[in-house]
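A.B. asks: Structure incoming, see below.
The values are calculated or read from the model by the stated rules, or taken from the named source; none is laboratory data. For clarity, every value in this text was computed on a predicted model and none was experimentally measured. Here the Cβ positions follow ideal geometry from the backbone for every residue, glycine too, while neighbour counts run over all protein chains shown. Surface accessibility is based on the protein's heavy atoms, side chains included, excluding ligands, DNA and RNA. Shrake-Rupley method; radii C 1.70, N 1.55, O 1.52, S 1.80 Å.
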Amino acid sequence: MRRRTPAPPAPLPQRDGVDPVRVRLPFGGAWDTVREHLVHRLTGAGPGMVEAMFEAGQVVGADGRAVAPDAPYEPGMFVWFHRDPPAEVPVPFPVEVVHRDEHIVVADKPHFLATTPRGAHVTQTALARLRHELGIPTLTAAHRLDRLTAGLVLFTVRPEERGAYQALFRDRAVRKEYEAVAPYDPSLALPLTVRSRILKERGVPAAREVEGEPNAVTRVESAGHRDGLGRYRLVPETGQTHQLRVHLSALGVPILGDPLYPLVTPPVPAGDFRRPLQLLARRLEFTDPVTGAEHSFTSGRTLRAWASPREWTAGTR
């Protein structure tokens, strides 16, 4: 069994808070040059894009030197480069910093902003923005919050400590409390605990409940109601994808502004920020695994459908 060689540090700096792409050339490849492999691998880069990167000296090896277009293919070799990010509509809401010390940053993320670079969202992410704004290139996310969900996200400052903070979420040692606005149903007896098995398939936008042993548990409580709307306090015991959205929809009170539950709706035009999902990660509490401090953080954001129902109904920002 071949021992995996650890990746050396990136020889290229971040660009706009985004790390360079790292590629490790696989063993058993049939390519004669590094360029041929990247042309094969980056099929979505566009005609001539890889060749242009080599000609411009933008593909580098571990020593930071440009890899020649005719450089021979070496299995196990690492190369780095920056890809031009996709065109992104700026999300016109700030990322608020709730807490910052030498170990962690707790941010209050707005709706519509992804937590980390992924797919079509690269520079318009909380991670890229915070790295740039705070000047912390080593910042990483300890967990993720859906792009459409607002609220608290924990980031780590030191790479060697990231695993300790990630373990808090893996081991369910973090108390998370969410708030949602959805239709009010007087027949729904609250509080209650929802248990179900949720399946999220790759390439399918919406998750679904299936038969089997529960893997998703949510405590649902009432936080008030008025004018046909309910304000719900949600305390998840597990962290399945879209868990809170699936559970409220299954109870017959889908969260306002949800484009997936109970029905998948057509995507809104880019730049339409009028109807954010009315779901907020309100509180985050945990014992710091590095310092031992007891942390309790609260989001300063509000849900528009509850705070300004007329603005929500009118569809204004």
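A.B. asks: Among what's in region 226-236 and is surrounded by 15 or more Cβ atoms within 10 Å (Cβ to Cβ) and not small (Gly, Ala, Ser), pick the residue that is farthest from ASP146 (Cα to Cα).
C.D. replies: Residues of region 226-236 that are surrounded by 15 or more Cβ atoms within 10 Å (Cβ to Cβ), as a first pass: 229-236.
Then keep just the ones that are not small (Gly, Ala, Ser); that gives 229, 231-236.
Working: LEU229: 23, ARG231: 20, TYR232: 18, ARG233: 18, LEU234: 16, VAL235: 16, PRO236: 15 Å.
So, considering only residues that are surrounded by 15 or more Cβ atoms within 10 Å (Cβ to Cβ) and not small (Gly, Ala, Ser), the one farthest from ASP146 (Cα to Cα) is LEU229.
A.B. asks: Tell me which residues, restricted to region 268-315, are among the aliphatic types (A, V, I, L, M), open to solvent by 50 Å² or more (accessible area, probe 1.4 Å) and within 18 Å of ARG147 (Cα to Cα). Full working, then the answer.
C.D. replies: So in region 268-315, the residues among the aliphatic types (A, V, I, L, M) come out as 268, 270, 277, 279-281, 284, 290, 293, 303, 305, 307, 314.
Checking which are open to solvent by 50 Å² or more (accessible area, probe 1.4 Å) leaves us with 268, 270, 290, 307, 314.
Correct list: VAL268, ALA270.
A.B. asks: Which ones in region 70-88 are open to solvent by 70 Å² or more (accessible area, probe 1.4 Å), touching a residue at least 40 places away in the same chain (Cβ under 8 Å) and under 25 Å from ILE136 (Cα atoms)? Can you show your working first?
C.D. replies: Residues of region 70-88 that are open to solvent by 70 Å² or more (accessible area, probe 1.4 Å), as a first pass: 70, 72, 74, 83-84, 87.
This time we only want the ones that are touching a residue at least 40 places away in the same chain (Cβ under 8 Å), so: 72, 74, 83.
Within region 70-88, ARG83 is the sole residue that qualifies.
A.B. asks: Let me ask something else. Within region 104-116, can one find any residue that is over 18 Å from VAL18 (Cα atoms) and open to solvent by 20 Å² or more (accessible area, probe 1.4 Å)?
C.D. replies: yes
A.B. asks: From the list ASP70, ASP84, which one is of a type in the set (D, E, K, R), within 27 Å of THR116 (Cα to Cα) and assigned to a loop (DSSP other than H, G, I, E, B)? Please lay out each step first, then the result.
C.D. replies: Values: ASP70 fails: within 27 Å of THR116 (Cα to Cα).
That would be ASP84, the only listed residue that is of a type in the set (D, E, K, R), within 27 Å of THR116 (Cα to Cα) and assigned to a loop (DSSP other than H, G, I, E, B).
A.B. asks: Given the residues ALA189, ALA180, ALA164, ALA173, which is the only one that is among the aliphatic types (A, V, I, L, M) and either touching a Cys at 6+ places or on another chain (Cβ under 8 Å) or under 29 Å from PRO267 (Cβ atoms) (or both)? Can you show your working first?
C.D. replies: Details: ALA189 fails: either touching a Cys at 6+ places or on another chain (Cβ under 8 Å) or under 29 Å from PRO267 (Cβ atoms) (or both); ALA164 fails: either touching a Cys at 6+ places or on another chain (Cβ under 8 Å) or under 29 Å from PRO267 (Cβ atoms) (or both); ALA173 fails: either touching a Cys at 6+ places or on another chain (Cβ under 8 Å) or under 29 Å from PRO267 (Cβ atoms) (or both).
After ruling out the rest, the residue left standing is ALA180.
A.B. asks: Starting from residues that are over 21 Å from PHE112 (Cβ atoms) and not hydrophobic (A, V, I, L, M, F, W, C), keep the ones in region 240-261 and report whichever is least open to solvent (accessible area, probe 1.4 Å).
C.D. replies: Narrowing region 240-261 to residues over 21 Å from PHE112 (Cβ atoms): 240, 247, 250-253.
In the following step, the residues that additionally are not hydrophobic (A, V, I, L, M, F, W, C) were identified as 240, 247, 252.
Numbers: GLN240: 69, HIS247: 1, GLY252: 50 Å².
So the residue we want is HIS247.
A.B. asks: Which residues, taken from region 260-292, are small (Gly, Ala, Ser) and in contact (Cβ under 8 Å) with a residue 60 or more places away in the chain?
C.D. replies: The initial filter retains those residues of region 260-292 that are small (Gly, Ala, Ser), namely 270-271, 281, 292.
Passing the criteria: ALA270, GLY271, ALA281.
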